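Okay, structure first, notes after.
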Amino acid sequence: MQKLVQNQYTDFKAINYALTQSGYSEDFASVLRKWGAANLLSDSTSPPSGYYQYNSGTWFTSTIGSISYDLGSINLYNYTYSGQTGPRYFTSSIPYGKEAGSNIYYRVGSNLTGTITRSITMEDNIKLTVVVKE
């Protein structure tokens, strides 16, 4: 029996190829960041432009071949995981060792006003996207 060994790095080339073949100019990293922001903004039916949207507030129909499906909006804040409502986020240290091609959410605070300054130390291959919710 052959053992399947998974590389520690996500093979993003197939996703980049599919995006290019479908006419998109974005790459996997860009799509992953926008998808992560969409998770955090899923309680909004009108997120800022440039982000993906989970929650339009209504149903829509998707068709594959001759089969049509009615799909509803998704608000991740309607779900609870380990006592936390909405997407799982960290409020103190962020664990390293996460798989490549994943999002980690860090919450700076709630009901903050004025100028907020944070120092963030990250590995070279990590990208940061800041989402401000009003």
Looking at region 60-76 only, could you name the residues that are in a loop (DSSP other than H, G, I, E, B), touching an Asp or Glu at 6+ places or on another chain (Cβ under 8 Å) and of a type in the set (Val, Ile, Thr)?
none
Which numbered condition in (1) modelled with pLDDT under 90; (2) under 30 Å from VAL108 (Cβ atoms) is the only one that ASN7 fails?
(2)
Among the candidates SER44, SER93, SER49, which residue alone is at pLDDT below 90, over 18 Å from VAL31 (Cβ atoms) and not acidic (Asp, Glu)?
SER93
Can you tell me how many residues within region 105-129 are under 16 Å from the mean Cα position of the chain (by Cα) and either at pLDDT 85 or above or not in a loop (DSSP other than H, G, I, E, B) (or both)?
4
Kindly indicate whether ALA14 is at pLDDT below 90, of a type in the set (A, V, I, L, M), out of contact with any strand residue (DSSP E or B) (no Cβ under 8 Å at 6 or more places or on another chain) and not in a loop (DSSP other than H, G, I, E, B).
yes
I need every pair where a residue in region 108-132 that is touching a residue at least 60 places away in the same chain (Cβ under 8 Å) has its Cβ under 9 Å from the Cβ of a residue that is surrounded by 10 or more Cβ atoms within 10 Å (Cβ to Cβ) and among the aromatic types (Phe, Trp, Tyr), sequence separation at least 6 or different chains.
VAL131/TYR51; VAL131/TYR105
Between THR80, THR61, which is modelled with pLDDT of 85 or more, loosely packed, with under 10 Cβ neighbours inside 10 Å, in contact with a Leu (Cβ under 9 Å, 6 or more places away or on another chain) and farther than 26 Å from ILE120 by Cβ?
THR61
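The values are calculated or read from the model by the stated rules, or taken from the named source; none is laboratory data. Computed from a predicted structure; not experimentally measured. In this analysis, Cβ positions are derived from the backbone assuming ideal geometry, glycine residues included, and neighbour counts consider all displayed protein chains.
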